[in-house]
Amino acid sequence: MSFSVFAVPIIVALIFGWGLYKKVNILDAFIEGARENLKTAVGLLPTLTLLMLGVGMFRSSGALDAITRLLSPITDALGFPSECLPLTLLRPVSGSGALAILKNILAENGPDSFAGRVASVLMGSTETTFYTIAVYFAATKVKKSRHALPSALAGDITAFLLSSLAVRIFLGFTVR
């Protein structure tokens, strides 16, 4: 049996032990924490609803496919697989939508294909930027994001641009 089986029970026991050592009323502390987290979750619902509605409309309207067709000649010229373009457009907004697109890329092209490997690198090196900023800034009641969004998008764009290069360099794929 591995240590990981006992990790969570050990951590919970340590927390309870520390609470008893510090003479904290553990039940009241738990209830207060749960109450605060429920308030936070309720406060996030409008933001999450808007984000999910926007992603659903973007995909269902055909805008994602239209933008993909429009940009694919450019990405093909740059050596970026056009199959991964929908992933680059949706990943900053929706993690579950991006996973669905990744699944399609892997099913259609195979996990060992150039597109499959680039898509996998993209998923591992990018973030659901808009979702993360919306959730964390709503939870902390930050009104002005200043440089957070441009900085995060710069990181995503860098990952998008370098993903195909990284697959070529580290996994030995040649330019089409």
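The values are calculated or read from the model by the stated rules, or taken from the named source; none is laboratory data. Since this is a predicted model, take the numbers as computed values, not measurements. Here the Cβ is made from the backbone with ideal geometry for all residues, glycine too, and neighbour counts use every protein chain on show.
Being touching a residue at least 12 places away in the same chain (Cβ under 8 Å), among the β-branched types (Val, Ile, Thr), within 22 Å of Gly79 (Cα to Cα) and out of contact with any strand residue (DSSP E or B) (no Cβ under 7 Å at 6 or more places or on another chain) is a description that does not apply to Thr132.
Among residues of region 138-161 being farther than 16 Å from Val93 by Cα and under 18 Å from the mean Cα position of the chain (by Cα), the one that is modelled with the highest pLDDT is Thr158.
Close contacts from region 27-44, counting a first residue that is over 19 Å from Ile15 (Cα atoms) and a second that is part of a helix (DSSP H, G or I) and among the β-branched types (Val, Ile, Thr), with Cβ to Cβ under 9 Å and a gap of 6+ residues or different chains, come to Leu44/Val135. Candidates Thr158, Thr75: the one that is surrounded by fewer than 18 Cβ atoms within 10 Å (Cβ to Cβ), in a helix (DSSP H, G or I), out of contact with any Pro (no Cβ under 6 Å at 6 or more places or on another chain) and β-branched (Val, Ile, Thr) is Thr158.
Just give me the residues in region 1-54 being more than 26 Å from Tyr136 (Cα to Cα), part of a helix (DSSP H, G or I) and small (Gly, Ala, Ser), in sequence order. Those that are more than 26 Å from Tyr136 (Cα to Cα), part of a helix (DSSP H, G or I) and small (Gly, Ala, Ser): Ser4, Ala7, Ala13, Gly17, Gly19. The condition (being surrounded by 16 or more Cβ atoms within 10 Å (Cβ to Cβ) and at pLDDT below 90) is satisfied by just one residue among Val135, Val118: Val135. Exactly one residue out of Ser113, Ser145, Ser163, Ser125 is among the hydroxyl-bearing types (Ser, Thr, Tyr) and surrounded by 19 or more Cβ atoms within 10 Å (Cβ to Cβ): that is Ser163.
Of all the criteria given as (1) within 23 Å of Thr126 (Cβ to Cβ); (2) more than 21 Å from the chain's Cα centre (by Cα); (3) acidic (Asp, Glu), the one not satisfied by Glu32 is (1). Restricting attention to region 122-153, the residues that are in contact with a Gly (Cβ under 9 Å, 6 or more places away or on another chain) and of a type in the set (D, E, K, R) total 2. Flag not set for Ile74, criterion: under 23 Å from Leu149 (Cα atoms) and over 18 Å from the mean Cα position of the chain (by Cα).
The single residue among Leu64, Leu90 that is over 16 Å from Thr132 (Cα atoms), of a type in the set (A, V, I, L, M), free of Cβ contacts under 8 Å to residues at least 60 places away in the same chain and surrounded by 14 or more Cβ atoms within 10 Å (Cβ to Cβ) turns out to be Leu64. Scanning region 82-108 for residues that are outside any loop (DSSP other than H, G, I, E, B) and either polar (S, T, N, Q) or at positive phi (or both) yields a count of 4.
Ser151 meets each of the listed conditions (1) farther than 17 Å from Gly54 by Cβ; (2) touching a helix residue (DSSP H, G or I) at 6+ places or on another chain (Cβ under 8 Å) apart from (2). Kindly check whether there is at least one residue in region 72-82 that is in contact with a Leu (Cβ under 7 Å, 6 or more places away or on another chain), closer than 30 Å to Ala166 by Cβ and modelled with pLDDT under 85. No, region 72-82 contains no residue that is in contact with a Leu (Cβ under 7 Å, 6 or more places away or on another chain), closer than 30 Å to Ala166 by Cβ and modelled with pLDDT under 85.
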